[in-house]
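All remarks here apply to the structure that follows.
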Amino acid sequence: MTKFTDLGLSPQILAALAAKGYDTPTPIQVQSIPALIEGRDLCGIAQTGTGKTAAFALPSIMRLTANAKPRPPGGCRMLVLSPTRELAAQIAQSFEDYSKGQRLSVGVVFGGMPIGRQIKMCGQGLDVLVATPGRLIDLIEQRALNLRHVEIFVLDEADQMLDLGFIHALKQIDRLLPKQRQSLFFSATMPKTIAELGSRFLTNPVQVAVTPVASTAERVDQYATFVNQAEKQALLTIVLKNEPIERALVFSRTKHGADKIVKHLGAAGIRSAAIHGNKSQNARMDALDAFKRGDIKILVATDIAARGIDVSGVSHVFNFDLPNVPEQYVHRIGRTARAGATGIAVSFIAGEEKGWLRDIEKLTGVKLQTAPLPADFATKAAGLPKPAFVREAPHGGRDAGRGGRGAPAAPTGEKRRFAPKRAPGVGTHRGAVKRSGGSGGR
């Protein structure tokens with residue numbers, strides 16, 4: 001079995017990994033790290049939760065520290081672009097963890113936070129800057145940041161960048177980057193359109209793919225329940241009340257829909273929270289932190305906000321609304337079955353969504369198992385309490401989406417509809433690489 005000591009990493013990097021108990025790299029790390037140490041451009045395709053961040057962070061830290069330079073005022077030596085605030089913060093934290101004791105300056109910038117502090121930070125110069133495209137352009141236009149000194153450029157979740165309409169921002173950023181640089185693309189899926197974009201940024205790249213394009217995690221049991229759109233909320237509430245849930249992610253197509261789900265769950269005594277683009281940054285971080293701590297077991301998210309979620313022990317993913325982009329389904333269910341664990345993905349399919357289901361099954365090559373409606377569904381649905389109608393504060397707040405005061409235990413004798421297979425290490429994922437001697441996180 002390959003160890004980190006076999007990949008040519010520096011003693012300092014190996015010491016940082018050993019301090020965390022990591023010694024076994026993931027497949028994407030095994031294939032990527034040696035090529036990146038050589039300075040090659042790279043296009044990497046891997047499912048979420050397989051250690052993409054460590055795959056580019058470890059060799060990049062090694063290169064920056066081995067070739068130490070003064071931090072360029074108003075600039076950075078390495079630029080990492082992320083589609084969402086949450087993912088940007090997570091990547092920056094990983095760089096800080098892996099570079100401990102090496103005096104590497106790491107900064108992160110995204111919208112929703114005061115720009116004045118970010119301008120001051122960039123003015124001092126950074127080794128590594130992690131940014132969302134919108135805020136990066138803001139800083140460049142205010143002449144608080146330039147990209148002339150970038151030696152390493154990383155585009156993470158490249159397909160999501162394209163889905164979010166960042167194509168013009170990416171082209172603008174490309175024009176500002178030095179021609180001589182190392183460029184890296186990483187994504188869970190790589191449709192043709194993003195591959196074509198990659199040709200603009202990459203020069204003779206190493207191609208790394210540890211799973212087939214658009215494949216789904218093998219350890220996820222995938223179910224479909226056919227239900228009218230108007231009955232989906234009742235179905236979700238009944239399932240959550242009766243299923244033993246460790247942690248569950250619920251995906252809504254719209255921000256308004258996510259808030260509505262939280263209100264209905266709260267009325268039924270199920271604590272949950274929502275994260276989406278209309279929530280303030282503090283509200284989003286509060287909700288995500290509560291989910292990580294286990295204070296709430298249900299997190300309702302839109303696709304955009306969910307890209308930064310890397311939480312251990314997510315046992316269930318519920319597609320309240322089926323995505324109309326098949327690749328998005330792969331991203332969603334990749335939030336469970338991480339680090340050798342198993343998981344369950346349940347999709348609620350309304351009549352108008354059956355075409356999207358066919359597209360998903362065609363892309364993934366997996367036919368979803370049909371899960372029937374719960375016994376006495378109509379009676380149980382009719383007995384559910386309705387939420388009180390209250391005016392929401394704009395852009396959320398620190399207490400947004402906290403729901404009720406606790407979910408009641410599942411009734412005894414209720415038959416479980418989804419029987420998960422358990423593997424050692426369920427809920428132990430932390431970080432981005434495997435823990436030695438166990439089934440730790442990747």
**Q.** Pairwise label distance in nanometres, THR370 with ILE140, each label 7 Å out on the Cα-Cβ vector
**A.** 5.2 nm
Q) Of the listed peptides 39-46, 61-68, 26-33, what is their order by residue-averaged count of other C-beta atoms within 10 Å, with the highest listed first? A) 26-33, 39-46, 61-68
Q. Lysines within cross-link reach of LYS52: Cα-Cα under 17 Å, excluding same-chain residues under 8 positions apart?
A. LYS3, LYS434
Q. Does segment 166-278 come out rounded, prolate or oblate by the C-alpha gyration tensor, with a ≥ b ≥ c the root eigenvalues, rounded set by a/c under 1.5 and, if not, prolate when a/b is larger than b/c and oblate if not?
A. prolate
Q. To the nearest Å, what is the center-to-center distance of segment 125-196 and segment 53-86, using C-alpha atoms only?
A. 13 Å
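The numbers here are math on the coordinates, done by the rules we state, and not lab data. Everything quoted here is computed from the prediction, not taken from an experiment. As a convention, Cβ positions derive from the backbone with ideal geometry for all residues, glycine included, and neighbour counts pool all protein chains shown.
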